[in-house]
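Where a number appears in this text, it was derived from the coordinates with a stated rule and is not lab data. Note that the coordinates shown come from a computational prediction; the quantities given were computed from them, not determined experimentally. Using ideal geometry, Cβ is built from the backbone for each residue, glycine included, and neighbour counts are taken over all protein chains shown.
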Amino acid sequence: MTAYLITGAKIVGGEVADILLDNGEIVAVGTNLDSPQDTETIDATGLIALPGLVDLHTHLREPGREDAETVLTGTRAAAVGGFTAVFAMANTDPCADTAGVVEQVWRLGRESGYADVFPIGAVTVGRQGTQLAELGAMADSAARVRVFSDDGDCVWDAALMRRALEYVKAFGGVIAQHAQEPRLTKGAQMNEGALSGVLGLTGWPSVAEESIIARDILLNAHVGSKLHICHLSTKGSVEIVRAAKNRGLEVTAEVTPHHLLLTEDLAASYNPVYKVNPPLRTKADVEAVREGLADGTIDIVATDHAPHPVEDKDCEWSAAAFGMTGLETALSVVQHSMIDTGLMTWADLADRMSYRPAAIGQIGDHGRPLEAGTPANLTLVDPAAQRTVVPAESTSLSRNTPFEGMTLPGRVVATFLRGTPTVLDGLAVLEGKAAK
Amino acid sequence: MRHLLSAGDLSRDDAHLILDTAEEMRSLADRPIKKLPALRGRTVVNLFFEDSTRTRISFEAAAKRLSADVINFSAKGSSVSKGESLKDTALTLQAMGADGVVCRHGSSGAPHLLATSGWLNGSVVNAGDGTHEHPTQALLDAFTMRRHLGSLEGRRITIVGDVLHSRVARSNVLLLSTLGADVTVVAPPTLLPVDMTSWPCATSYDLDATLPKSDAVMMLRVQRERMGEAFFPSAREYTRRYGLDVHRMAQLPDEAIVLHPGPMNRGMEISAEVADSTRSVIVEQVTNGVAIRMAVLYLLLSGTNETTNEEPVA
Amino acid sequence: MNPAPTTHESPDSHAAPRTVLDASDISRALTRIAHEILERNRGADPVVLLGIPTRGVGLAARIRDRIAAVEGRSVPTGSLDVTMYRDDIGLKPARALEHTDIPPGGIDGKVVVLVDDVLFSGRTIRAALDAIGDIGRPKAVQLAVLVDRGHRELPIRADYVGKNLPTSLVERVTVHLTEYDEADAVVIADKPARKPGDKSGTPTAGSTAPTGVKA
């Protein structure tokens, strides 16, 4: 295995130093390091070294929608975005509601070599919201599932949600809730407000998210389990989670990059690339989730990377699929909306996009500080770079990025997974699959 | 003006031009030959993804009176029902050389997409999209009101009913306010959008308080199915609170008129006596619809595309 | 809306504007035309005057008044918009329609006298003849113009002419009437700087630039 010496990188939260990678680990961090023969040197002057990013919310689409994304292409996009680990959402076809399906996804991830894949199990059978899936079997499987979610649909039945929270206590699982009261969002197309009324698009009111979050926080307080809120998107949700945390209640929450940057006004174009669930909200909501992420109310950024084939977006708004790609742009969007605005530091970013998501997902090899003796999962970022988002350049199979044409800061120069480069010079390493 | 997608896109001058042109078009009805050569050699496609015989035949009559070739393309019995996408349908129309596409679609924004996607070059006329807009209906309503009331500047116009789901209401509020009218929408709170701060109109929940201050009142169709979604308790209660019957009509000022975009639910939002009364201009609205659509098609399609692109008509 | 004066312009001339007919010239010409119409048709009985907007309508009204002064009664007078019958309708931006007003008695069996301000290529009159055909079947159609400036492109000629005015294609002829303008006058000028949307460079491309079309 080739050793790598990364020279002159700014270690996030620390000093400028060299990093020596060998045998899948960070061997040393410092200056004037002794490196073995045949060590490849990477000049990282001006770059920031971050722990490999961890995405708690990715849709890899395989099995079932390999026309939109596969585990291979999705993890490749993840690596290009600086990620070394992704959690694969359960809404595949077949649904990841049994040990067999989660093990299949887990195995495909191991074969891809671009990023570690941790399957998320469905909470209910077929994500139908009526009967608990075999959560224990998934937890005990080779995939070692700890995060469960019906994402795409809400576990709306309060009794079922209570039981799910209770049941996963046996193996320390966490229920990641897609907070959307279904009766309040029937046929919903965009954020409910002044604009939805004008555009004639059925509204998705904030209260449909907030009421479920409030309910679930109280349910979780009652049973003492682990609750995680997916893609929190409204000012009210931030206030509810903040109040809960202030009272000492257990809850974690995520926000997506697109909810940190984009607003509902984009829907006025009727371009379905801006159709997403939960919908883009208002400027006030964007400000609130930024503030929440900065002060720790919102624990992490998760992409909700939702690839769709062209035909599912090249159509009228109401017929289009919900979702946006996000793995390759997440870091840039967070830098743009949180760091360049002075709301967060790079150390905060490492916390929100690596340490904390790894902790919530309970994966030990990721989300560790860049220190000798830890797995060599890291990414090098050029914070001074500027790039314009061109969908055709995406390494994902899909092109539905809402950031097309935007110029964003920051560029991932290299990513290492257990000491093996998955990205060099900003490009996915071709032998990624073979490198394993 | 290249397309007509939203009544909100029309300036006051644009709107007056269309209304004035429609006046000339309407006089055609009195002539022995009810046909003009203006769109000879042009092809107008009526692209209807939703059933609406009334609107389709109105556009069809308008296009034919201007000597255009008319192709009716309706979702039923066509490839659309077999799952063909809007894009492929548009590409087909482009290949056939459609100069104008009159689009009716159940999805809000579909005509907007047709106009901006680059799939076709023709002018797009929104003939009703989802719960968004129906600009030619608003134009014919304004035209009808103008014929009875004169200038709409300062006129008090009341729109009653299911504003939340009504494309007619949206287009009328935008157009009538552009024309200087004072518009009030009246509905139960459940049938109004939750936030109407950006709407250029007043809102009220009380029809009886509004009628005496109305120069024209427009009753919107209310679908009984809304009852099932708890928008109102029962048809009877809706009629009692928001239906227009002869007793309510008596509160209107002497010269006030009653409009309805059709099709009517007699006995629901409007009583038969009101619909058939002398104040009712509902049949006239249908006649005026053809003149308005002639005016719109003439102004959009009679000139060269390139030039109309650069500068609005007149 | 007060329409711009009708212009019949040509490119690349630099002569100073000059008035070729003043108010009294116009008045005399119209009086003569009124008499000629009565003479030719043996009285006012069969005559219907149809002015072509914009200035043809004003001229038709003046001729009607002169006929009334002679005959002691008014002849039916209206206006005929030919916009939708023009042969260049698809070649230019869409134009606002002018008002068409057919007198109550209609035109069947009548002698329709079309009235226009300037006769140039003849294309406007051809359009007017088509428009008349869709309205009824007159016994005859005659043409009265204030100015005939030549350069015909169609086999059309006027029955009543106020003034034959030999012009160069690079000149423009403008008719001013007090109904629309400050004073009565017919002016010849060189072509001014081209305005956007104004393509009346040659008689073929809209010799009689339509009135009321904003540039």
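Quick notes on this structure:
- Nearest-ten-degree value, helix A:283-295 long axis tilted from longest Cα axis of chain A: 50
- With Cα atoms, 0 to 90° folded angle of helix B:282-301 axis to chain B main axis: 30
- Each of A:45, A:303, B:304 was scored by other Cβ atoms within 10 Å of its Cβ. Listed from fewest to most, they are A:45, B:304, A:303.
- Unsatisfied cross-links (Cα-Cα over 32 Å) in the set C:92/C:139; A:235/B:213; B:64/C:139: C:92/C:139; A:235/B:213
- Rounded to the nearest Hz, the phi-derived 3J(HN,Hα) couplings of the range A:368-385 under the Karplus curve 6.51 cos²θ - 1.76 cosθ + 1.60 (θ = phi - 60°) are 10, x, 7, 9, 4, x, 9, x, 7, 10, 7, 9, 10, 10, 9, x, 8, 5, where x marks glycine and proline.
- Only DSSP H runs of four or more residues enter the estimate; each adds -39500 (n - 2.57), and after division by the residues of the protein assembly as shown the mean residue ellipticity at 222 nm equals -8500 deg cm²/dmol.
- Number of partner chain Cβ atoms within 10 Å, mean per residue of A:313-321: 6
- Interchain or long-range residues, amide H under 5 Å from residue A:253's placed H: A:229, A:299, A:300
- Taking 4 °C and 1.567 mPa s as conditions, chain A diffuses translationally at an estimated 60 µm²/s according to Stokes-Einstein applied to its Kirkwood radius (Cα pairs).
- For residue A:191, nonlocal amide neighbours, meaning residues 5 or more places apart or on other chains whose placed amide H falls under 5 Å from its own, are A:204, A:280.
- Exposure proxy shown here: for A:230, A:95, the number of other Cβ atoms within 10 Å sets the order, fewest to most, as A:95, A:230.
- Derived scalar couplings between HN and Hα for the range A:61-77 equal 6, 9, x, x, 10, 5, 6, 8, 6, 10, 4, 5, 5, x, 6, 5, 4 Hz in order, rounded to whole Hz, by the Karplus curve 6.51 cos²θ - 1.76 cosθ + 1.60 (θ = phi - 60°), x for Gly and Pro.
- Exposure proxy ranking, count of Cβ atoms within 10 Å, fewest first, for C:178, B:184, A:256: C:178, B:184, A:256
- Counting DSSP beta bridges with both ends in chain A, the antiparallel % (nearest 5): 50
- Sparse packing (at most 13 other Cβ atoms within 10 Å of the Cβ) combined with a DSSP loop state is found for the following trypsin sites (Lys or Arg not before Pro) in the range A:152-208: A:186.
- Using only Cα coordinates, the Kirkwood hydrodynamic radius of chain B works out to 19.9 Å.
- Among the listed pairs A:10/A:283; A:245/A:283; A:10/A:226; A:169/A:275; A:245/A:275, those beyond 27 Å (Cα-Cα): A:10/A:283; A:10/A:226; A:169/A:275; A:245/A:275
- Against chain B, whose longest principal axis is taken from its Cα atoms, helix B:167-178 shows a tilt of about 90°.
- Where both bridge residues fall in the range B:70-204, DSSP classifies roughly 5% of the beta bridges as antiparallel.
- Taking every residue in A:189-202 and counting other chain Cβ atoms within 10 Å of its Cβ, the average works out to 6.
- Per-residue ³J(HN,Hα) for the range B:192-201, Karplus 6.51 cos²θ - 1.76 cosθ + 1.60, θ = phi - 60°, Hz, x for Gly and Pro: 10, x, 5, 10, 10, 4, 8, 7, x, 7
- Overall shape of the range A:181-251 was characterised from the C-alpha gyration tensor. The equivalent ellipsoid obtained from it has semi-axes of 28, 12, 8 Å, in decreasing order.
- From the alpha carbon centroid of the range C:64-79 to that of the range A:50-97 is 87 Å.
- Long-range tail of P(r) for the range A:375-435 (Cα pairs > 20 Å, %): 35
- Mean projected area (nm²) of the alpha-carbon convex hull when the protein assembly as shown is viewed from all directions: 48.3
- Cα pair distances in the range A:278-436, grouped into 10 Å bins until the bin that holds the longest one, percent each: 9, 32, 39, 17, 2, 0
- Choice from A:158, A:133, A:122 showing the highest fluctuation, given a GNM over chain A with Cα pairs closer than 10 Å: A:158
- Among A:377, A:400, A:246: highest mean-square fluctuation, GNM of chain A, C-alpha pairs under 10 Å: A:246
- When the Cα atoms of the range B:3-124 are aligned to their principal axes, the ranges along those axes come out at 44, 32, 25 Å in descending order.
- Residues of the range A:32-65 with amide N under 20 Å of the 7 Å Cα→Cβ point at residue A:427: A:40-44
- Averaged over peptide B:23-32, the number of partner chain Cβ atoms lying within 10 Å of each residue's Cβ comes to 3.
- For residue A:16, the amide hydrogen comes within under 5 Å of the amide hydrogens of A:11, counting only partners 5 or more places away or on other chains and with H modelled in the peptide plane.
- Summed residue charge, Cβ within 12 Å of residue B:171's Cβ, Lys/Arg positive, Asp/Glu negative: -2
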